[in-house]
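Nothing in this text is a laboratory measurement; each read-out follows from the coordinates by a stated rule. These numbers come from a predicted model, not from an experiment. Here Cβ is always computed from backbone atoms with ideal geometry, including for glycine, and neighbour counts include all displayed protein chains.
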Amino acid sequence: MLKSLLSAPEFKELTVFVANFDTAKRLERSLAVTKQSTIVVFKGGREAARSTGDTQPAPLAALLHHAID
């Protein structure tokens, strides 16, 4: 779902990094990620929003908007 949303023109300027939950333990600890399917949105170098396990288009789009609004 996220990949589909990111193809929308409104999100074309976003930079997305995907980390492997099983191997990126240091990153997980630094971001306090405790579950797979966690999305952390940054704006201006600071965390702007976070979601875990959401798969619905509308809430995910709203989450991504925190990075551009």
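For segment 19-69, trypsin sites (Lys or Arg not before Pro) meeting the loop criterion (DSSP other than H, G, I, E, B) and having at most 10 other Cβ atoms within 10 Å: 35. Spin-label model, residue 34/residue 58: points 7 Å from Cα along the beta carbon direction are separated by 2.9 nm. Of 18, 33, 41, the residue with the greatest mean-square motion in the GNM of the chain, using alpha carbon springs below 10 Å, is 18.
Using alpha-carbon pairs under 8 Å, 6+ residues apart, how would you state the relative contact order of the chain in percent? So the answer I get is 31 percent.
Taking each DSSP H run with n ≥ 4 as -39500 (n - 2.57) and averaging over every residue of the chain yields -7500 deg cm²/dmol at 222 nm. Computed about the Cα centre, the dipole magnitude for segment 2-65 is approximately 200 debye when only Lys and Arg (+1) and Asp and Glu (-1) carry charge, each at its Cβ. Between residue 15 and residue 46, the modelled labels are 1.9 nm apart [label points 7 Å from Cα along Cα→Cβ]. Dipole of the chain computed with +1 at Lys/Arg Cβ and -1 at Asp/Glu Cβ about the Cα centre; of 8, 42, 23, farthest Cα towards the positive end is 23.
The chymotrypsin sites (Phe, Trp or Tyr not before Pro) found in the chain that occupy coil by DSSP, while having at most 10 further C-beta atoms within 10 Å, are 17.
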